[in-house]
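The values are calculated or read from the model by the stated rules, or taken from the named source; none is laboratory data. All of these numbers come straight from a predicted model, not from anything done at the bench. Because the Cβ atoms are built from the backbone with ideal geometry, glycine has one as well, and the counts that use them run over all protein chains shown. Accessible surface areas use protein heavy atoms only, side chains included; no ligands, DNA or RNA. Shrake-Rupley method; radii C 1.70, N 1.55, O 1.52, S 1.80 Å.
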Amino acid sequence: MASVTLVAGLVSSMFGLFCVVFGLGSSQWFRVRAPYFQNDIGLMRHCDVVTSYCGDMEHLSSIVEADYSAWFRSVQTMYLLHCVGMLVSLVTYILYLVRFLDYKGSFRFLTLLNFLTLAAGIYAVTFFDLNAKKFFGVTSPILPADCSTLGYAFYMAIVGCCFSFLVLFVSAAEAVQAVELLRNMQNRLTIWTTPYTLFVDQEV
């Protein structure tokens, strides 16, 4: 029977991957309603509200400020790595549950992977939150403060990071449990294989 931590890791990975993929494919990260620029913008696609045209980010220079295009690419890359990490974590948990992998010796690697995945996700959402207006050139003082707001896909990405943290916590707990189990087994083997000598006091 699968342990509670394995099931919790699997469920957290599933929900986290759903949130991350939704954020990756959505254009609702940043909503701009300026007089001459009305777009819904995501990390990988954007939609023009007026013309209802939606496209990918192949023409990045026409959407992102030239001075910040490299930084925006870094956010895209980190969030994509976050998505890949969540996918690998989900597949790994499935393989654990069907006993295709020996999880007792590999949870430390999975914990490291989940830590890097969480770090990439936190970098992406934090950097996007702090620089979104600079990315898309809506920092002009003549524009109203509410002309640009963060969309619901951005908050879905944050929820995905929360699930990623849960996956990290579960995998770390399982790794600690596996290490303790291996230590106990090693101690038992050491006791069983240690030669001993029976000393009998003899009167001389």
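Points to keep in mind about this one:
- Selection from the range 104-123 of residues that are among the aliphatic types (A, V, I, L, M) and surrounded by fewer than 16 Cβ atoms within 10 Å (Cβ to Cβ): Leu112, Leu116
- When Leu87, Leu101, Leu81 are checked against the criterion of being in contact with a helix residue (DSSP H, G or I) (Cβ under 8 Å, 6 or more places away or on another chain), open to solvent by 40 Å² or more (accessible area, probe 1.4 Å), modelled with pLDDT under 80 and hydrophobic (A, V, I, L, M, F, W, C), Leu101 stands alone in meeting it.
- Filter pass, Ser74 being within 21 Å of the chain's Cα centre (by Cα), among the hydroxyl-bearing types (Ser, Thr, Tyr) and not in a helix (DSSP H, G or I): no
- In the range 61-70, the residues that are open to solvent by 80 Å² or more (accessible area, probe 1.4 Å) and within 24 Å of Asp146 (Cα to Cα): Ser62, Glu65, Ala66, Asp67
- All positions within the range 114-141 that are part of a helix (DSSP H, G or I) and aliphatic (A, V, I, L, M): Leu116, Leu118, Ala119, Ala120, Ile122, Ala124, Val125, Leu130, Ala132
- Output for the range 109-123, where each listed residue is within 9 Å of His82 (Cα to Cα) and in contact (Cβ under 8 Å) with a residue 60 or more places away in the chain: Gly121
- Set Val75, Val32, Val4: member being of a type in the set (Val, Ile, Thr) and over 23 Å from Met156 (Cβ atoms): Val4
- Restricting attention to the range 1-17, the residues that are open to solvent by less than 20 Å² (accessible area, probe 1.4 Å) and out of contact with any Gly (no Cβ under 7 Å at 6 or more places or on another chain) add up to 4.
- Picking from residues in the range 61-71 that are assigned to a helix (DSSP H, G or I) and more than 22 Å from the chain's Cα centre (by Cα), the one that is nearest to Leu43 (Cα to Cα) is Ser69.
Conditions (1) in a helix (DSSP H, G or I); (2) open to solvent by 50 Å² or more (accessible area, probe 1.4 Å); (3) basic (Lys, Arg); (4) farther than 20 Å from Thr139 by Cβ, marked per residue:
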site	(1), (2), (3), (4)
Cys19	yes, no, no, yes
Phe22	yes, yes, no, yes
Ser27	no, no, no, yes
Arg31	no, yes, yes, no
Asn39	no, no, no, no
His46	no, no, no, no
Thr51	no, yes, no, yes
Gly55	no, no, no, yes
His59	yes, yes, no, yes
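- Looking across the range 124-141, the residues that are in contact with a helix residue (DSSP H, G or I) (Cβ under 9 Å, 6 or more places away or on another chain), surrounded by fewer than 18 Cβ atoms within 10 Å (Cβ to Cβ) and at pLDDT 85 or above come down to Phe127, Asp129, Asn131, Lys134.
- Qualifying residues in the range 142-156 (those that are at pLDDT below 90 and part of a helix (DSSP H, G or I)) - the one surrounded by the most Cβ atoms within 10 Å (Cβ to Cβ): Cys147
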